[in-house]
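Enquirer: Encoded as structure tokens, here's the structure I'll be asking about.
The values are calculated or read from the model by the stated rules, or taken from the named source; none is laboratory data. Keep in mind that this is a model prediction, so the values were computed, not measured. Note that we place each Cβ from the backbone using ideal geometry, even for glycine, and neighbour counts take in every protein chain shown.
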Amino acid sequence: MLLPALSLPALFASRVFLPLFAVALAVRFGPDVPLLGTLGLLAGLPVDAAPGWLTSDLSIAVLGTLSALELVAHKSGGAREILNELDPYVKPVSAALGVAGLVSAAGGWPAAEGVAAASLPAQAGLGFTGLLVLAVAAGTFLLAVARRAVLSDASELDADDDTGLLGLFSWGEDLWSVFGVFLLVLFPVVVAALVVIASCVVLLMYARSRRREARSRVACDACGDDVPRAALRCPHCGVERPDAERVGLLGGPKMQRVGDRRDHAASLRAVHRCGVCAASLRERHPEQDCRLCGRPAFAGTADVAGLDAHVKARLPWVLAACAGLSAVPVVGLIPGIILYRLALIAPYRRYLPRGRTLLVRWGVRLGYLLLIFVQLWPGAGTLAVPAMALLAWSSYRRSFLSLAAESVPAASGPASSAALPA
């Protein structure tokens, strides 16, 4: 029981309720299932050994409902961000309940002899079992904190999941949280080895994200404070930085010196960063102030026009690349969509509230369906992805410019005197 119990943090670090629901189902119904009842942890376990506080009808119904809500919440960007902030403090409690339930069902540890089918979690927490519960909770907390840091970095780079990687990772975590428990019951040693590997991967990714964060910042020559490499001015002392570096489509530094500083400011706004100090912007709206330097995200219509011109300049090469990818039936569709979403759609969508984004998204999906079928026709497929890119670009651009016209001041000094683009 010790090895499987110590493997639980890797399961509970992904979700709060799903693995606990799986533990409850395995302990409650596992002994009655031929394969589960004769192999692994449940072999020889009495049918009535399940602890009532975890496996009663009411407990399973509540856990099932909470698990379903958790599944839905993790598919929403806004809800996922809130859950990621709370997870490290809730998941250790869930993991402690899970290991207490397993130990209770197994009849406790030799140090707690006589505590067979405990009716309360506290009754399973005697002697060595109590230390085990604390160890599992602590391990879950550490992995949950590392996971949150890794996902926060990924969300900052791709908040709307334009690459689809965050969604794929979310579904993978759902499957791991549920089936990982049943596999742990059946093959504890094998799954424990996989858990060690997975935990090491998460910790390595966490260390890499911290190194990446350190590399993305340098000391200001004037005041010595850390500033983003892409910053045009230090957010602390306001001194201009002549050695600012360019950023890529996801906002990562390209280690190349900035040429056109005005275009660089537009490229920073395109990745949802302050056009002056390069700090990440938090709100999904054109009207907001930078949390670091206090400057508005768009000081005037010239800044809006600059962003629009910067994105519009990408149209030729993005459409050409999409046409080339469209020439490959079906397979070329996915990379083509990812490319135009990152290059043409994300710069506008990052400033649209989620409700407005939802309306625009559903407005273009009908056209998407038609164009996807067009891609299957011989000869016409080359035009499918470029047409999808133009449709989405024009829709999101129109919505962004409309919102900016309502919220961004018409002018703010000589640098922002241009009118909004048509």
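Enquirer: Yes or no: the stretch 199-214 includes at least one residue that is more than 30 Å from Asp289 (Cβ to Cβ), in contact (Cβ under 8 Å) with a residue 60 or more places away in the chain and in a loop (DSSP other than H, G, I, E, B).
Expert: no
Enquirer: Between a first residue in the stretch 162-179 that is at pLDDT below 80 and a second residue that is outside any helix (DSSP H, G or I), which pairs have beta carbons less than 6 Å apart while being 6 or more apart in sequence or on different chains?
Expert: Qualifying pairs under 6 Å: Gly167/Asp161.
Enquirer: Further question: Within the stretch 329-338, does at least one residue satisfy the condition of being of a type in the set (A, V, I, L, M, F, W, C), assigned by TED's automatic domain parsing to the domain that holds Tyr396 and under 28 Å from Gly275 (Cα atoms)?
Expert: The answer is yes; a qualifying residue exists.
Residues are listed down the side, and each one gets a yes or a no for (1) in a helix (DSSP H, G or I); (2) of a type in the set (S, T, N, Q); (3) modelled with pLDDT of 75 or more:
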| residue | (1), (2), (3) |
| --- | --- |
| Thr65 | yes, yes, yes |
| Leu69 | yes, no, yes |
| Val72 | yes, no, yes |
| Gly78 | yes, no, no |
| Glu85 | yes, no, yes |
| Pro88 | yes, no, yes |
| Val93 | yes, no, yes |
| Leu97 | yes, no, yes |
| Gly101 | yes, no, yes |
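Enquirer: Considering the stretch 207-228 alone, what residues qualify as being over 22 Å from Arg148 (Cβ atoms) and either of a type outside the set (Asp, Glu) or in contact with a Leu (Cβ under 9 Å, 6 or more places away or on another chain) (or both)?
Expert: Val218, Ala219, Cys220, Ala222, Cys223, Gly224, Val227
Enquirer: Just checking, which of Ala222, Ala244, Ala231, Ala214 is on the phi < 0 side of the Ramachandran plot, surrounded by fewer than 19 Cβ atoms within 10 Å (Cβ to Cβ) and over 25 Å from the mean Cα position of the chain (by Cα)?
Expert: Ala222
Enquirer: Would you list the helices (runs of 4 or more DSSP H) that sit entirely within the stretch 271-353 and hold 3 or more residues that are modelled with pLDDT of 90 or more?
Expert: It comes to 301-312, 315-326, 346-349.
Enquirer: Next question, about the same structure. Is the stretch 199-214 home to any residue that is modelled with pLDDT under 75 and more than 28 Å from Val247 (Cβ to Cβ)?
Expert: Checking the stretch 199-214: not a single residue is modelled with pLDDT under 75 and more than 28 Å from Val247 (Cβ to Cβ).
Enquirer: Here is a further query. Within the stretch 254-261, does at least one residue satisfy the condition of being touching a residue at least 24 places away in the same chain (Cβ under 8 Å), of a type in the set (A, V, I, L, M, F, W, C) and not assigned by TED's automatic domain parsing to the domain that holds Ser280?
Expert: no
Enquirer: (1) over 29 Å from Ala405 (Cα atoms); (2) surrounded by 14 or more Cβ atoms within 10 Å (Cβ to Cβ): which one isn't true of Val190, the others all being true?
Expert: (2)
Enquirer: Check the stretch 270-284 and report whether any residue there is more than 28 Å from the chain's Cα centre (by Cα) and at negative phi.
Expert: No; the residues of the stretch 270-284 include none that is more than 28 Å from the chain's Cα centre (by Cα) and at negative phi.
Enquirer: Do we find a residue being under 12 Å from Leu232 (Cβ atoms), crowded, with 23+ Cβ neighbours inside 10 Å and touching a Cys at 6+ places or on another chain (Cβ under 6 Å) anywhere in the stretch 250-273?
Expert: no
Enquirer: For the structure I just gave you, tell me whether Ser412 is polar (S, T, N, Q), at pLDDT below 75 and under 22 Å from Arg284 (Cα atoms).
Expert: yes
Residues are listed down the side, and each one gets a yes or a no for (1) without any contact (Cβ under 8 Å) to a residue 12 or more places away in the chain; (2) over 30 Å from Ala384 (Cβ atoms); (3) not assigned by TED's automatic domain parsing to the domain that holds Ser155:
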residue	(1), (2), (3)
Asp226	yes, yes, yes
Glu245	no, yes, yes
Ala266	no, no, yes
Cys290	no, yes, yes
Asp308	no, no, yes
